[in-house]
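Below: one structure, written as C-alpha coordinates.
The values are calculated or read from the model by the stated rules, or taken from the named source; none is laboratory data. If you're wondering where the values come from, they're calculated on a predicted model, not measured in any experiment. Counting neighbours? That spans all protein chains shown, and the Cβs are built from the backbone with ideal geometry, glycine included.
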(Lines give C-alpha, C1' and ligand atoms only; values in the text may rest on other atoms or scores of the structure.)
Protein backbone atom coordinates (compact mmCIF):
# COMPACT_ATOMS: atom_id res chain seq x y z
CA UNK A 1 0.00 0.00 0.00
CA UNK A 2 1.22 3.46 -0.86
CA UNK A 3 -0.16 6.96 -1.40
CA UNK A 4 -0.95 6.30 -5.07
CA UNK A 5 -3.68 3.75 -4.38
CA UNK A 6 -5.40 5.19 -1.26
CA UNK A 7 -9.21 5.41 -1.49
CA UNK A 8 -11.92 6.31 1.05
CA UNK A 9 -13.89 3.44 2.56
CA UNK A 10 -16.79 2.11 0.50
CA UNK A 11 -19.95 4.21 1.10
CA UNK A 12 -18.20 6.90 3.15
CA UNK A 13 -18.34 9.53 0.39
CA UNK A 14 -21.81 10.63 -0.79
CA UNK A 15 -22.12 13.19 -3.56
CA UNK A 16 -24.96 15.72 -3.38
CA UNK A 17 -27.67 15.76 -6.05
CA UNK A 18 -26.82 18.19 -8.85
CA UNK A 19 -30.24 19.74 -9.35
CA UNK A 20 -31.20 21.90 -12.33
CA UNK A 21 -28.26 20.94 -14.57
CA UNK A 22 -30.18 20.07 -17.72
CA UNK A 23 -32.72 17.52 -18.92
CA UNK A 24 -30.12 14.80 -19.41
CA UNK A 25 -29.35 14.68 -15.70
CA UNK A 26 -32.91 13.67 -14.86
CA UNK A 27 -33.05 16.54 -12.35
CA UNK A 28 -33.53 19.39 -14.84
CA UNK A 29 -36.74 21.19 -15.84
CA UNK A 30 -38.56 21.83 -12.58
CA UNK A 31 -35.47 20.87 -10.55
CA UNK A 32 -37.52 18.73 -8.11
CA UNK A 33 -39.75 21.69 -7.14
CA UNK A 34 -42.94 20.48 -8.83
CA UNK A 35 -44.98 22.53 -11.29
CA UNK A 36 -45.68 26.24 -10.76
CA UNK A 37 -46.76 28.01 -7.58
CA UNK A 38 -44.92 30.12 -5.02
CA UNK A 39 -42.84 27.19 -3.77
CA UNK A 40 -41.47 26.59 -7.28
CA UNK A 41 -40.13 30.16 -7.57
CA UNK A 42 -36.79 31.45 -6.37
CA UNK A 43 -36.77 33.56 -3.20
CA UNK A 44 -39.80 31.78 -1.72
CA UNK A 45 -40.34 32.43 1.97
CA UNK A 46 -43.35 31.45 4.09
CA UNK A 47 -44.39 33.76 6.93
CA UNK A 48 -44.04 32.43 10.46
CA UNK A 49 -47.50 31.27 11.52
CA UNK A 50 -48.82 30.92 7.94
CA UNK A 51 -51.70 28.42 7.89
CA UNK A 52 -52.28 27.90 4.18
CA UNK A 53 -54.46 30.98 3.76
CA UNK A 54 -56.66 30.28 6.80
CA UNK A 55 -56.77 33.21 9.23
CA UNK A 56 -53.70 32.52 11.41
CA UNK A 57 -53.96 31.99 15.14
CA UNK A 58 -52.15 35.21 16.00
CA UNK A 59 -54.88 37.15 14.15
CA UNK A 60 -57.83 35.05 15.38
CA UNK A 61 -57.09 35.59 19.07
CA UNK A 62 -58.12 39.02 20.39
CA UNK A 63 -55.70 41.41 22.05
CA UNK A 64 -56.56 42.92 25.42
CA UNK A 65 -54.98 44.70 28.36
CA UNK A 66 -51.71 46.57 28.57
CA UNK A 67 -48.47 46.54 30.49
CA UNK A 68 -48.10 49.49 32.85
CA UNK A 69 -44.46 50.56 32.60
CA UNK A 70 -44.75 52.64 35.80
CA UNK A 71 -45.97 49.75 38.01
CA UNK A 72 -43.98 49.16 41.19
CA UNK A 73 -43.76 45.49 42.18
CA UNK A 74 -43.56 44.77 45.92
CA UNK A 75 -42.77 41.56 47.75
CA UNK A 76 -45.44 41.18 50.41
CA UNK A 77 -44.44 40.07 53.91
CA UNK A 78 -47.17 39.51 56.48
CA UNK A 79 -47.03 40.31 60.19
CA UNK A 80 -47.38 36.63 61.15
CA UNK A 81 -44.16 35.88 59.22
CA UNK A 82 -42.33 38.67 61.02
CA UNK A 83 -43.74 37.49 64.35
CA UNK A 84 -42.50 33.91 63.81
CA UNK A 85 -39.05 35.23 62.89
CA UNK A 86 -38.99 37.59 65.88
CA UNK A 87 -39.83 34.76 68.28
CA UNK A 88 -37.53 32.15 66.70
CA UNK A 89 -34.42 34.35 66.35
CA UNK A 90 -35.21 37.06 68.92
CA UNK A 91 -35.11 39.89 66.34
CA UNK A 92 -36.69 43.27 67.10
CA UNK A 93 -35.37 45.41 64.21
CA UNK A 94 -36.41 44.33 60.72
CA UNK A 95 -34.75 46.06 57.79
CA UNK A 96 -33.74 44.98 54.27
CA UNK A 97 -30.50 43.34 55.43
CA UNK A 98 -32.25 41.32 58.15
CA UNK A 99 -34.96 40.11 55.78
CA UNK A 100 -32.32 39.23 53.16
CA UNK A 101 -30.24 37.22 55.62
CA UNK A 102 -33.31 35.23 56.67
CA UNK A 103 -34.25 34.39 53.07
CA UNK A 104 -37.52 36.33 52.82
CA UNK A 105 -36.39 38.65 50.01
CA UNK A 106 -33.49 39.31 47.66
CA UNK A 107 -31.39 42.46 47.94
CA UNK A 108 -33.11 44.46 45.16
CA UNK A 109 -36.75 43.66 46.10
CA UNK A 110 -39.11 46.37 47.27
CA UNK A 111 -40.95 45.31 50.43
CA UNK A 112 -44.53 45.89 51.53
CA UNK A 113 -45.58 44.82 55.01
CA UNK A 114 -49.09 43.36 55.03
CA UNK A 115 -51.48 42.99 57.96
CA UNK A 116 -52.27 39.26 58.20
CA UNK A 117 -51.61 37.83 61.65
CA UNK A 118 -50.89 39.19 65.12
CA UNK A 119 -47.76 40.51 66.80
CA UNK A 120 -46.75 39.24 70.22
CA UNK A 121 -44.16 41.95 70.96
CA UNK A 122 -43.00 45.37 69.77
CA UNK A 123 -40.87 45.33 66.61
CA UNK A 124 -39.29 48.07 64.52
CA UNK A 125 -39.80 47.57 60.76
CA UNK A 126 -38.20 49.47 57.89
CA UNK A 127 -39.84 48.83 54.49
CA UNK A 128 -40.82 50.54 51.24
CA UNK A 129 -44.58 50.42 51.98
CA UNK A 130 -47.06 49.34 54.68
CA UNK A 131 -50.72 48.43 54.55
CA UNK A 132 -52.88 50.53 56.86
CA UNK A 133 -53.67 47.54 59.13
CA UNK A 134 -50.00 46.50 59.38
CA UNK A 135 -48.86 50.00 60.30
CA UNK A 136 -51.63 50.31 62.90
CA UNK A 137 -50.83 46.90 64.46
CA UNK A 138 -47.08 47.61 64.66
CA UNK A 139 -47.64 51.00 66.32
CA UNK A 140 -50.27 49.63 68.75
CA UNK A 141 -47.68 47.14 70.08
CA UNK A 142 -45.22 49.98 70.63
CA UNK A 143 -43.10 49.36 67.56
CA UNK A 144 -42.04 51.76 64.78
CA UNK A 145 -42.99 51.48 61.09
CA UNK A 146 -40.43 53.40 59.01
CA UNK A 147 -40.99 53.99 55.28
CA UNK A 148 -37.93 53.92 53.03
CA UNK A 149 -38.04 56.86 50.62
CA UNK A 150 -37.36 55.94 47.01
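Of the residues in the range 106-127, how many are out of contact with any helix residue (DSSP H, G or I) (no Cβ under 9 Å at 6 or more places or on another chain), in a loop (DSSP other than H, G, I, E, B) and closer than 13 Å to residue 77 by Cα? Let's see the steps before the verdict.
Quick first cut of the range 106-127, residues out of contact with any helix residue (DSSP H, G or I) (no Cβ under 9 Å at 6 or more places or on another chain) only: 108, 110.
Subset that is in a loop (DSSP other than H, G, I, E, B): 108.
Next, from what is left, pick out any that are closer than 13 Å to residue 77 by Cα: none.
Within the range 106-127, residues that are out of contact with any helix residue (DSSP H, G or I) (no Cβ under 9 Å at 6 or more places or on another chain), in a loop (DSSP other than H, G, I, E, B) and closer than 13 Å to residue 77 by Cα number 0.
Across the range 51-77, what is the number of residues that are surrounded by fewer than 10 Cβ atoms within 10 Å (Cβ to Cβ) and closer than 30 Å to residue 114 by Cα?
Matching residues across the range 51-77 total 8.
Being in a loop (DSSP other than H, G, I, E, B) and surrounded by 10 or more Cβ atoms within 10 Å (Cβ to Cβ) is the filter; apply it to the range 78-105 and report the residue that is nearest to the chain's Cα centre (by Cα). Write out each step before concluding.
Residues of the range 78-105 in a loop (DSSP other than H, G, I, E, B): 90-92, 95, 102-105.
Restricting the remaining residues to those that are surrounded by 10 or more Cβ atoms within 10 Å (Cβ to Cβ) gives 91-92, 95, 102, 104-105.
Values: 91: 35, 92: 36, 95: 29, 102: 26, 104: 21, 105: 19 Å.
For the range 78-105, the residue satisfying everything is 105.
Being without any contact (Cβ under 8 Å) to a residue 24 or more places away in the chain and out of contact with any strand residue (DSSP E or B) (no Cβ under 9 Å at 6 or more places or on another chain), is that true of even one residue in the range 113-126?
So far as the range 113-126 goes, no, none of its residues is without any contact (Cβ under 8 Å) to a residue 24 or more places away in the chain and out of contact with any strand residue (DSSP E or B) (no Cβ under 9 Å at 6 or more places or on another chain).
Would you please name the residue that is surrounded by the fewest Cβ atoms within 10 Å (Cβ to Cβ), looking only at residues in the range 135-150 that are touching a strand residue (DSSP E or B) at 6+ places or on another chain (Cβ under 9 Å) and closer than 17 Å to residue 72 by Cβ?
So the residue we want is 150.
Of the residues that make up the range 47-65, is at least one out of contact with any helix residue (DSSP H, G or I) (no Cβ under 6 Å at 6 or more places or on another chain) and closer than 30 Å to residue 111 by Cβ?
yes
It is to be established whether one or more residues within the range 18-30 are outside any loop (DSSP other than H, G, I, E, B) and touching a helix residue (DSSP H, G or I) at 6+ places or on another chain (Cβ under 9 Å).
no
With respect to residue 91, determine if the residue is touching a strand residue (DSSP E or B) at 6+ places or on another chain (Cβ under 8 Å) and farther than 30 Å from residue 38 by Cβ. Step through it out loud before you land on a result.
Values: touching a strand residue (DSSP E or B) at 6+ places or on another chain (Cβ under 8 Å): no; farther than 30 Å from residue 38 by Cβ: yes.
Spelling it out, it is not the case that residue 91 is touching a strand residue (DSSP E or B) at 6+ places or on another chain (Cβ under 8 Å) and farther than 30 Å from residue 38 by Cβ.
This table checks each residue for (1) modelled with pLDDT of 90 or more; (2) in a loop (DSSP other than H, G, I, E, B); (3) surrounded by 11 or more Cβ atoms within 10 Å (Cβ to Cβ).
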{"site": "1", "(1), (2), (3)": "no, yes, no"}
{"site": "7", "(1), (2), (3)": "yes, yes, no"}
{"site": "14", "(1), (2), (3)": "yes, yes, no"}
{"site": "34", "(1), (2), (3)": "yes, yes, no"}
{"site": "39", "(1), (2), (3)": "yes, no, no"}
{"site": "43", "(1), (2), (3)": "yes, yes, no"}
{"site": "46", "(1), (2), (3)": "yes, yes, no"}
{"site": "49", "(1), (2), (3)": "yes, yes, no"}
